[in-house]
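Working notes, beginning with the structure itself.
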Amino acid sequence: MKILMTTAISDLYRERLERAYPGVQWRICRSTSEAMEFLPRTDVLVTYGQGFTVDHFRAAEKLRWIHSLTSGLETFPFDLFREREIALTNVRGIHGVPVAEHVFGMMISFMRQFPFFTRMQEHGRWEQHVKFDELFEKTICVVGLGAIGKEVVKRAQAFGMRIVGVNTDGRDVNGVHKVYPADQLKRALSEADFIVVCVPLTANTENMIGPAELDVMKKSAILVNVARGLVVDERALIWALEEGRIGGAALDVFVEEPLSSESPLWRMHNVVITPHIAGRTPRYMERAMEMFEANLAAFLDGKPFPFHQVDLEKGY
């Protein structure tokens with residue numbers, strides 16, 4: 001069996017894999033372009049996914065399983081995978097802890113005015129006449145109650161917040177006071193002081209936060225987007241922020257990345273911008289390799305994957 005990895009890994013991981021699976025031929029490349037010549041002879045592909053086209057996957061005639069090292073799957077050709085019966089797994093949930101911590105860092109920064117004080121520090125100004133608030137007893141709406149959403153819920157409980165959430169069918173989720181189905185999204189948004197968006201990008205979630213959804217939010221509401229840029233209508237959001245229709249936004253993802261220096265979002269004092277780094281952590285590869293190795297052992301034994309096989313019909 002031939003396994004191709006399109007990202008460099010440490011010698012520690014490489015040596016461990018070679019010892020644990022002596023019957024496997026490993027090809028570990030530092031980039032997608034370097035990996036292309038080996039793809040047609042590959043049985044298993046481990047990749048972040050960038051740089052591959054439908055034609056590349058068509059040429060991979062032996063390919064049986066792809067393990068994505070990221071939770072985002074929007075670049076993969078699901079129709080082809082269904083046609084060829086290529087299994088797809090990913091590392092869904094790997095970002096739960098760092099993203100949830102990032103979310104609360106942003107929320108606290110709004111309540112305690114950290115961006116303002118950073119500006120004051122740059123000018124050497126001692127300024128105490130600022131409006132502060134607390135997370136305690138505020139309502140948070142978590143849009144998307146998957147692995148990341150559930151980690152956000154755990155932290156919201158610790159801060160004594162009221163928690164509402166949105167998932168596809170309104171089924172109960174532990175720790176959430178009220179769960180709304182997706183067709184009642186606007187009702188859930190209208191209750192919230194903070195809206196945290198952490199859904200996968202699919203045909204159903206693209207622009208799910210648009211003008212109508214922004215219009216029902218409280219004027220003091222803070223929108224936190226750690227999903228994908230296309231989940232939020234960016235033009236509508238800019239208008240809502242400029243017009244004071246919502247209180248502010250913490251944005252880690254954007255329709256086009258890097259975010260253009262011409263975007264008005266950069267110059268808004270009610271916006272906190274981070275460059276798609278909410279999921280960054282020094283423990284990323286450690287967690288990713290644990291999932292991959294568990295899935296590989298199952299695959300070699302002809303057993304179901306223990307971690308996150310993707311539903312090729314739903315796209316997640």
Of the residues in the stretch 92-110, those that are modelled with pLDDT under 95 and buried (at least 24 other Cβ atoms within 10 Å of the Cβ) number 2
All positions within the stretch 71-97 that are outside any loop (DSSP other than H, G, I, E, B) and under 19 Å from Val231 (Cβ atoms)
Phe78, Gly96
Could you list, in sequence order, all residues of the stretch 103-146 that are touching a residue at least 60 places away in the same chain (Cβ under 8 Å), in a helix (DSSP H, G or I) and closer than 30 Å to Tyr180 by Cβ?
Val103, Met106, Met107, Ser109, Phe110
For the stretch 58-87, what are the residues that are farther than 27 Å from Arg280 by Cβ, of a type in the set (Gly, Ala, Ser) and surrounded by 14 or more Cβ atoms within 10 Å (Cβ to Cβ)?
Ala60, Ala87
Within the stretch 115-132, residues surrounded by fewer than 14 Cβ atoms within 10 Å (Cβ to Cβ) and under 20 Å from Asp193 (Cα atoms) come out as Val130, Lys131, Phe132
Which pairs turn up if I take residues in the stretch 290-314 that are more than 18 Å from Ala20 (Cα to Cα) and look for partners that are surrounded by 13 or more Cβ atoms within 10 Å (Cβ to Cβ) and basic (Lys, Arg) with beta carbon separation below 9 Å, at least 6 apart in sequence or on another chain?
Phe307/Arg92; His308/Arg92; Val310/Arg92
Any residue in the stretch 241-251 that is in contact with a Gly (Cβ under 9 Å, 6 or more places away or on another chain), β-branched (Val, Ile, Thr) and surrounded by 20 or more Cβ atoms within 10 Å (Cβ to Cβ)?
no
Sort out which residues of the stretch 214-243 are without any contact (Cβ under 8 Å) to a residue 40 or more places away in the chain and within 20 Å of Arg162 (Cβ to Cβ), and write them in order of number.
Val216, Met217, Lys218, Lys219, Ser220, Ala221, Leu223
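The values are calculated or read from the model by the stated rules, or taken from the named source; none is laboratory data. Predicted model only: the values in this text are computed from it and were never measured. Counting neighbours? That spans all protein chains shown, and the Cβs are built from the backbone with ideal geometry, glycine included.
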